[in-house]
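Here's the structure we're looking at; comments come further down.
The numbers here are math on the coordinates, done by the rules we state, and not lab data. What you see is a predicted model, and the numbers here were worked out from it, not measured in a lab. Neighbour counts are summed over all protein chains in view; Cβ atoms, including those assigned to glycine, are modelled from backbone coordinates with ideal geometry.
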Amino acid sequence: MRFRFAGLCLALAIFQVQASERWIFDSRISVTGPPVDAVYHHLEGSGRKHIAVTGESVAVVWEDNRSRDPQIYATLKSLTRETFPTALLVSSGSEAYEPAIDAISGNRFVLAFEQDASVFARILTAKGLAEPARLSRAAASHVSIAGFDDRVFASWREQNNSGWFIKIAALRITKANRIVVESLQSVEAGGLETPVLFPAIAVNNAGICVAWEDRRAGHTRLLVSHARDAGKSFTEPQFLNEFFSNRNQYDRGSGVTRVSLASFAQDEILAAWMDKRRGGKGYGIFAALGADAGENFGPNEKVHGEEGDTQPHYNPATAGNQAGDFVIAWDDFRRGDSDIWISAHNPDLEWSLDYAPPVASGDGEQSHPSIALDEQGNLHLVWIERAQPDGPSRLWYSPGRTRQ
């Protein structure tokens, strides 16, 4: 079974330098403007996909409560422009939550979000927003989105009288930028009595991969399933996280939550999540690499370095590109305040030393990163900043440019 691939060696060799030597981060750019009392921004969508980049533009999507009730907002700027334009209101219901975004061809972005217990999607371009399309048929939430060339797929959780389901939709984008649901299926035919949470989806040449939190075993495990194409049957769900217990025979294993997926190279998948297998030290960041669009995953790997071993870590986000680059970001308090940290992978050193970009660390609380890699290997980073832990928030963006 292959999990390290000869075809990736040249691309991955770039990561033999440490992450701090890989990128030079530009000065940060405000996405949302100065903090406003009692306004809070959230980057909490399934898989933490809140930023996406094309060859011409970068776009960010989030949830905030500026109009009292939570709604979804997005903004898009040219890569050469120094400021983001005024945010667009994406949602139109009484409440909306947990958006996701990905890039597609033609300098376009596809947004997905929960609104009034249904899941919707719509296209964002430099000219504005196209009409939204409802994707779900019953009570639904926790949507994730993935674009690959001109193909778009969405995953979410849905509940009806038969139980809980993970739903997968293949979406077609018309010339007028309208979204049409071409196929809709469940990962498993039978509904579950126990909830499924935060499914994340990734797509590449080898098929579709979806991972989620599952409680059918009486405790939370991460499950993963794969299909070779839209409308094809998904494989029987397999465990993604390794069972780990260091207490007693009654222990049901370490807690896990918030899996994130990213496609890299032509057919590989990166998965990362929060995992409490370190006992009383809180969550660590763990990862696994999957061959053939996640049909087979390798062993679990601890991502953060020894410096962070005594601290809990939160909010992992993943990114990859077709050139073969992949990276993980998260936040932790090892320096007293919360900072953003990143780690990249290489075939010799495994995960690089943890690196806190200066633009996203230091005074105040820097948390909830979301990342995207362009095909040149530049790392685009967005995050939440608060002066105090309970204070109002704002969003910042910075591109990390590859060193020449």
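List of remarks:
- Number of the condition not met by residue 142 [criteria: (1) of a type outside the set (Gly, Ala, Ser); (2) within 22 Å of residue 30 (Cα to Cα); (3) touching a helix residue (DSSP H, G or I) at 6+ places or on another chain (Cβ under 6 Å)]: (2)
To keep it simple, each residue is scored yes or no on (1) of a type outside the set (A, V, I, L, M); (2) over 20 Å from residue 84 (Cα atoms).
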{"site": "101", "(1), (2)": "no, no"}
{"site": "105", "(1), (2)": "yes, yes"}
{"site": "111", "(1), (2)": "no, no"}
{"site": "123", "(1), (2)": "no, no"}
{"site": "135", "(1), (2)": "no, yes"}
{"site": "140", "(1), (2)": "no, yes"}
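- In the set 207, 218, only one residue is at positive phi, surrounded by fewer than 20 Cβ atoms within 10 Å (Cβ to Cβ) and out of contact with any helix residue (DSSP H, G or I) (no Cβ under 9 Å at 6 or more places or on another chain); that residue is 218.
- Test result for residue 345, outside any strand (DSSP E or B), on the phi < 0 side of the Ramachandran plot, buried (at least 21 other Cβ atoms within 10 Å of the Cβ) and not basic (Lys, Arg): no
- Some residue of the stretch 344-367 being touching a residue at least 24 places away in the same chain (Cβ under 8 Å), within 29 Å of residue 148 (Cβ to Cβ) and β-branched (Val, Ile, Thr): no
- Residue satisfying all of: in the stretch 57-80; small (Gly, Ala, Ser) and surrounded by fewer than 19 Cβ atoms within 10 Å (Cβ to Cβ); nearest to residue 32 (Cα to Cα) among these: 67
- Check on residue 100, within 20 Å of residue 367 (Cβ to Cβ), over 21 Å from the mean Cα position of the chain (by Cα) and aliphatic (A, V, I, L, M): no
- Residues (part of a strand (DSSP E or B), within 13 Å of residue 50 (Cβ to Cβ) and out of contact with any Asp or Glu (no Cβ under 9 Å at 6 or more places or on another chain)) located in the stretch 77-102: 100, 101, 102
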